[in-house]
Amino acid sequence: MRRSALLGAGGVVLVVAAGAAAAVGFGGADASTTERSGLPPATATVTRATLTQTETVDGTLGYGDATALKARGSGGTLTWLPAEGAVVSRGKPLYEVDGDPVVLLYGGTPLYRTLSSGVEGADVKLFEQNLSALGYDGFTVDDEYTSSTADAVEQWQEDLGLSETGTVGVGQAVVASGKLRVADLQLSIGDPANGPVFTYTGTTRIVSVDLEVDKQQLVKKGIAASVELPDGKRVQGKVSSVGTVAVKSSSGNEETTTVDVTVTLADQKALGTLDEAPVDVVLTAEQRKDVLTVPLNALVALAEGGYGLQVVEGATTRYVAVDTGMFAGGKVEVSGDGLAEGMVVGVPK
């Protein structure tokens, strides 16, 4: 059977069984014809299904962008550093200066002044929240640093092996949003405690995608994504952010413009020890649920325009005009009067 290739919605090439239609223009059937003899060489069934349009793009699995952690305080010598890849949680040491630990606190405001009795402010409340979370009590968590706070601080300092002053210096703690992972050490033990000590990331791996701007319409926050790891295993995730600022980059004579897309993955254990690994990301751009579908090659060009299906009923056939919707995975969404799930339609052999 001779076939003609037609361009359908979304740039999908439709293979139409031209031999099954009367020669009108490029070849078409009349939807008003109720019955014909002569059965198609093969058939397919109209099914109800969910169609999904996907786009596969390159991504990188890792811990995201690294941030520099800078030494604070009045200098001194680094006497201990964590290992690269180590995870540090609240109250634990990030590094040591002259034998004294500098610990991690959670929050959004850095310690920028010495905290002592009589001091008030949001930084006091942040510190007291951390002190309480670490199990110290006997004070009220508010924005006032009282003598009760100082008593709890002395206990905290004793537990850390620090001088029990009851005051908190700028260099005694570093504030970050949560647990952090040490990425790259910038200094070594014995170096002066000045400048960036190490870079750090979050503790959860994500997939970063530099998405070409002409594909930006395919993604939005919250859509599903499937990530194929280097070993072929697939891990499910979802788009957690889509950048709004386009970034230009050049490679040789080619220039590309991209936006940053981040995919979060729930099953971190499935990722093994992978870091900075190239992955394929299958984005679910659009989905049509519970729609009638047929194989693409079941579509027939109609003489009056548009498309139809050759419905097979026993030893006879008739043509039914249809509207087409989403094209995906070799199938097309169809709708029209008289069209129902379970109908048998003709397809090329």
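The values are calculated or read from the model by the stated rules, or taken from the named source; none is laboratory data. Computed from a prediction, not measured in an experiment: that's the story for all the values here. Don't worry about glycine lacking a Cβ; one is built from the backbone with ideal geometry, like all the others, and counts go over all protein chains shown.
If you take the residues in the range 79-102 that are part of a strand (DSSP E or B) and of a type in the set (Ser, Thr, Tyr), which one is surrounded by the most Cβ atoms within 10 Å (Cβ to Cβ)? Full working, then the answer.
Looking only at the range 79-102, we keep the residues that are part of a strand (DSSP E or B), and these are 79-80, 87-88, 93-97, 100-102.
Keeping just the survivors that are of a type in the set (Ser, Thr, Tyr) gives 79, 95.
On the way: 79: 15, 95: 24.
Taking the candidates together, the pick is 95.
Could you list, in sequence order, the residues of the range 159-170 that are in contact with a strand residue (DSSP E or B) (Cβ under 9 Å, 6 or more places away or on another chain) and either in a strand (DSSP E or B) or closer than 11 Å to residue 101 by Cβ (or both)?
160, 161, 162, 168, listed by residue number.
Out of the residues in the range 108-120 that are farther than 18 Å from residue 139 by Cβ and of a type outside the set (Lys, Arg), state the one that is surrounded by the most Cβ atoms within 10 Å (Cβ to Cβ).
Ranking the qualifying residues of the range 108-120, first place goes to 110.
Sort through 284, 264 and tell me the only one that's closer than 30 Å to residue 323 by Cα and among the polar types (S, T, N, Q). Before the answer, list the steps.
Numbers: 264 fails: closer than 30 Å to residue 323 by Cα.
Checking each option against the conditions leaves just 284.
So the check is Cβ under 9 Å with 6+ separation or different chains; which pairs have a first residue in the range 138-161 that's closer than 16 Å to residue 105 by Cα and a second one that's of a type in the set (Lys, Arg)?
So the pair list comes out as 141/125.
So residue 184 passes all but one of these: (1) touching a residue at least 60 places away in the same chain (Cβ under 8 Å); (2) acidic (Asp, Glu); (3) outside the structural domain of residue 73 (by TED's automatic domain parsing). Which condition number does it fail?
(3)
Residues to consider are 105, 61; find the one that is surrounded by 13 or more Cβ atoms within 10 Å (Cβ to Cβ), under 30 Å from the mean Cα position of the chain (by Cα), more than 15 Å from residue 179 (Cα to Cα) and modelled with pLDDT of 95 or more.
Only one candidate qualifies: 61.
Taking the range 108-140 as the region of interest, how many residues are under 17 Å from residue 157 (Cβ atoms), part of a loop (DSSP other than H, G, I, E, B) and modelled with pLDDT of 95 or more?
Total satisfying the criteria: 10.
Residue-by-condition table, conditions (1) crowded, with 16+ Cβ neighbours inside 10 Å; (2) in the same structural domain as residue 110 (by TED's automatic domain parsing); (3) modelled with pLDDT under 95:
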residue: 14; (1), (2), (3): yes, no, yes
residue: 24; (1), (2), (3): no, no, yes
residue: 35; (1), (2), (3): no, no, yes
residue: 45; (1), (2), (3): no, no, no
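Which condition number in (1) in a strand (DSSP E or B); (2) at pLDDT 95 or above; (3) within 32 Å of the chain's Cα centre (by Cα); (4) more than 30 Å from residue 346 (Cβ to Cβ) is the one that residue 55 fails?
Of the numbered conditions (1) in a strand (DSSP E or B); (2) at pLDDT 95 or above; (3) within 32 Å of the chain's Cα centre (by Cα); (4) more than 30 Å from residue 346 (Cβ to Cβ), the odd one out for residue 55 is (2).
Looking only at the range 308-326, decide whether some residue is more than 41 Å from the chain's Cα centre (by Cα) and at positive phi. I'd like the intermediate steps shown before the answer.
Residues of the range 308-326 more than 41 Å from the chain's Cα centre (by Cα): 310-320.
Narrowing further to those that are at positive phi: 314.
Looking through the range 308-326, at least one residue is more than 41 Å from the chain's Cα centre (by Cα) and at positive phi.
Need a quick list: strands (runs of 3 or more DSSP E) entirely within the range 296-349 having at least 3 residues that are farther than 26 Å from residue 286 by Cα and of a type in the set (Ser, Thr, Tyr).
316-328
Say we look at the range 240-284 and pick out the residues that are of a type in the set (Val, Ile, Thr) and under 15 Å from residue 204 (Cβ atoms); which of these is surrounded by the most Cβ atoms within 10 Å (Cβ to Cβ)?
So the residue we want is 263.
Looking at (1) in contact with a strand residue (DSSP E or B) (Cβ under 7 Å, 6 or more places away or on another chain); (2) without any contact (Cβ under 8 Å) to a residue 12 or more places away in the chain, which one does residue 251 not meet, given that it meets all the others?
The number of the failed condition is (1).
Please find, among 321, 315, the residue that is among the small types (Gly, Ala, Ser) and surrounded by fewer than 17 Cβ atoms within 10 Å (Cβ to Cβ). Spell out the reasoning first.
Working: 321 fails: surrounded by fewer than 17 Cβ atoms within 10 Å (Cβ to Cβ).
Every option except 315 fails the conditions.
Search the range 206-223 for residues being buried (at least 16 other Cβ atoms within 10 Å of the Cβ) and hydrophobic (A, V, I, L, M, F, W, C), and hand back the single one that is farthest from residue 255 (Cα to Cα).
That would be 223.
So residue 194 fits all but one of (1) at pLDDT 95 or above; (2) within 30 Å of residue 94 (Cα to Cα); what number is the exception?
Among (1) at pLDDT 95 or above; (2) within 30 Å of residue 94 (Cα to Cα), residue 194 violates only (1).
If you take the residues in the range 141-158 that are of a type in the set (Ser, Thr, Tyr) and not in a helix (DSSP H, G or I), which one is farthest from residue 115 (Cα to Cα)?
Out of the qualifying residues, it is 146.
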